[in-house]
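Read the structure below first, then the notes.
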Amino acid sequence: MPNMPAPLPQEPDNQDQLLIQISDVFFTYPGSEHPVLNGASLALEPGSFTAIIGGNGSGKSTLCKLFNGLIPHYYSGDFEGEVRIAGLSAQDSTVAELSRKVGYVYQDFENQLVRPTVLDEACFAPLNYGLPDYRARATRALELCGLTPLATRFIWELSGGQKHLLALAGALSLEPDILIVDEPVSQLDPQHARQVYEVLRRLHRIYGKTIIVIEHHAEFIADYCHDVCLIEQGRVVWQLPVHEALNRLEDLHRLGIQPPEVTQTAAALAVLQHAALHGGEQNQQDTVDSLQGGQLNQQDATTYPITTEEAQLYFEHMLSAPIELFGQHKQPEPPPQAALPAAESRTVISLKQAALTYRTIHKTDHPVLRGVSLDIAEGERIALVGNNGAGKSSLLRLIAGIAKPTTGTVSILGQDTRSVSLEQLSRDVAFVFQNPEDMFIEDSVYKEIAHCLNKRGYQGAESTIERMLRAFRLDELRERDARLLSGGQQRRVSLAIGAATTPAVMLLDEPTANLDLATREELISTLQELEQHVRTVLIATHDMQLVSRWATRVIVLHEGCVAADGTASEVFADTALIQRAGLALTQTMELSASLNLWPHCSDPAELAARIHRILLAKESLPHGARPQLV
């Protein structure tokens with residue numbers, strides 16, 4: 001992390017005055033019958049670090065667009081209520097005036113990038129405000145975001161994650177009092193995601209900035225935020241300290257918001273212990289099945305841990321004392337035997353020394369993929385992981401035929417992508433893009449899903465469209481323009497478009513970005529349902545939870561080469577690889593490792609069941625799991 005520049009002198013604030021005050025705001029977008037903000041009220045003090053959470057379409061992004069005056073000055077619609085920002089009435093102030101105080105990194109952040117090079121983009125805002133030190137401000141912002149080495153690069157040369165960091169740098173260049181970031185880590189690898197949050201933390205601690213994030217990743221909320229606002233149907237349901245907020249499990253589950261994995265593990269263990277005390281073996285098995293299905297309720301007033309560090313102490317204390325339930329003294333059961341390898345399937349995708357090089361505007365070659373050789377078999381579930389710029393999206397584009405290999409070959413179902421038209425190849429390969437809006441060409445959700453089915457004359461198109469609308473919770477949005485939906489809703493539309501044709505090969509680029517828990521679970525369920533129709537699925541992702549739960553094979557890319565290829569357990573066991581490739585263990589994996597449980601558990605329900613078995617003496621306790629006894 002680069003050193004933080006020395007704090008600039010600031011005018012003293014009146015700490016007794018609320019920095020943000022929203023009172024009874026109603027707002028309805030044109031064409032919608034229901035208000036997206038429905039009497040929303042919120043008050044934030046100077047220097048807060050607040051997470052705004054809620055299900056997709058709950059009004060989170062719309063609420064934050066009040067802060068810099070985009071609503072009501074830019075977005076048209078029916079508006080009522082009062083908004084005051086740093087003592088100014090948002091209704092009586094211009095967007096330009098409010099933008100000096102409020103920096104905003106939007107969910108569709110690429111629309112913020114308007115200049116050709118990285119340094120030009122960072123200079124753009126302060127230069128347009130006529131600030132004489134615009135270049136110094138831009139340089140500081142790039143340094144904060146780790147983009148200084150890329151200052152002369154063109155925007156189109158950057159990866160999606162690098163563009164996200166640049167949008168953040170552009171917002172920081174005006175050194176605003178309030179910084180809003182909509183989905184800070186949705187397209188960043190885990191290490192760059194931490195970098196973004198460390199930047200936000202330092203801005204908060206050193207500069208005293210007020211930070212507001214719209215976030216689905218509860219682990220980052222637990223580690224960095226101080227308080228949490230829950231939005232439901234356009235209203236602020238509650239505003240609580242982070243520990244209390246992330247323990248509101250019933251509220252979170254009801255709205256499809258995933259608590260931290262360690263919180264889920266502790267709550268799941270409490271459910272299992274309750275079932276063990278009040279029922280027999282069958283009751284416990286039913287409980288395990290329900291936990292695997294995501295059903296989780298608060299068992300008592302216990303406060304569960306929300307960070308890995310808290311959870312390690314919590315479970316080590318629990319495991320340090322002998323626990324006997326019902327006076328049982330059972331011998332540990334032997335570990336389960338490894339499953340026999342599955343029968344070999346035919347190769348669906350084959351890459352032989354495939355390389356991809358772009359010609360830059362300076363007429364130099366920029367290699368993106370360097371001699372990649374892979375054989376991917378029918379029925380495999382592949383996760384492509386690696387840091388931003390590693391080549392994941394480029395590899396998907398090669399497989400889809402959107403890009404042709406500079407050298408080497410790529411074949412799909414025996415078809416060489418260089419000799420087959422893109423239209424013909426697209427009948428076998430569906431590509432769901434990283435930016436959902438890139439897939440939208442019609443004026444309603446229904447027409448978007450129907451477009452390809454009708455154009456190619458698919459049988460049963462009408463029933464398929466209805467099934468996709470139901471599966472992705474799009475029924476009520478069928479007549480809405482997809483480009484006007486929230487980011488999470490757009491993601492669901494793009495997935496429905498890709499899934500509708502039941503292709504032989506399905507490629508998904510960051511499919512879980514911006515999704516709430518309910519939609520994320522629907523994605524996994526839909527992928528499982530499609531297995532009998534889709535021969536192979538490849539997902540490029542930074543979502544390590546998805547990798548550990550879904551993938552049968554993990555391919556790690558680093559600097560355009562295959563750095564590792566194996567199971568999730570094999571990949572995540574290589575500490576040096578994780579550091580080098582920008583990966584990170586999930587909370588469940590970290591906690592499994594800290595308790596010396598091997599192999600690492602893939603999800604909270606599995607880890608809770610494993611700990612429960614140890615407490616019942618059905619499984620031996622690893623010595624390293626209770627180091628205080630060593």
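Rule-based calculations on the coordinates, nothing more; no lab input. This one's a predicted model, so the numbers in the text were calculated from it and none came from an experiment. Quick reminder, even Gly has a Cβ in these numbers, built from the backbone with ideal geometry, and neighbours come from all protein chains shown.
Key figures
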| item | result |
| --- | --- |
| Extended-chain gain in nm, criterion 0.36 nm per residue less alpha-carbon gap, Thr152 and Val95 | 17.5 nm |
| Cα-centre dipole for the chain with unit charges at Cβ (Lys and Arg positive, Asp and Glu negative), debye to 20 | 1700 |
| Farthest toward positive dipole pole in the chain [+1 Lys/Arg, -1 Asp/Glu at C-beta], among Leu474, Pro46, Gly560 | Gly560 |
| Listed pairs Lys352/Lys455; Lys101/Lys392; Lys101/Lys163; Lys65/Lys392; Lys60/Lys209; Lys392/Lys447 exceeding 26 Å between Cα atoms | Lys352/Lys455; Lys101/Lys392; Lys65/Lys392; Lys392/Lys447 |
| Computed P(r) (all Cα pairs; region 17-80; 10 Å bins; percent) | 19, 55, 23, 3 |
| Rough spin-label spacing in nm, given labels placed 7 Å along Cα→Cβ, for Glu476 and Phe26 | 1.8 |
| By average C-beta atoms within 10 angstrom, highest first, the peptides 597-608, 41-52, 105-116 | 597-608, 41-52, 105-116 |
| Estimated inter-spin distance, Asn38 and Asp438, nm [label 7 Å along Cα→Cβ] | 3.5 |
| Order by protection proxy (mean Cβ within 10 Å, highest first), peptides 550-557, 464-471 | 550-557, 464-471 |
| Estimated FRET transfer efficiency when R0 is 35 angstrom, pair Leu277-Thr502 (beta carbons, to 0.05) | 0.15 |
| Additional length obtainable on full extension of the chain from Trp238 to Ile361, 0.36 nm per residue less Cα span | 39.1 nm |
| Gap separating the Cα centres of region 88-145 and region 205-230, nearest whole Å | 21 |
| Percentage relative contact order, the chain, counting C-alpha pairs under 8 Å, at least six apart | 14 |
| Computed over region 347-566, the ratio Rg/Rh where both radii use C-alpha atoms and Rh is Kirkwood | 0.96 |
| Extension gain from Tyr74 to Val420, taking 0.36 nm per residue of separation minus the Cα-Cα distance | 120.0 nm |
| Cβ-based exposure ranking for Glu310, Glu570, in which fewest neighbours within 10 Å come first | Glu570, Glu310 |
| Packing rank of 380-393, 256-269, where each peptide gets the mean count of other beta carbons within 10 Å, highest leading | 256-269, 380-393 |
| Approximate spin-label separation Asn596-Glu570, in nm, with each point projected 7 Å along Cα-to-Cβ | 2.7 |
| Stokes-Einstein D for the chain, Kirkwood Rh over Cα pairs, 25 °C, 0.890 mPa s (µm²/s) | 94 |
| DSSP-defined beta bridges in region 347-566 - what % are antiparallel, rounded to 5 | 55 |
| Hull volume in cubic angstrom per residue (convex hull over the Cα atoms of region 94-142) | 90 |
| Whole-Å distance, taken between Cα centres, linking region 149-193 and region 254-271 | 31 |
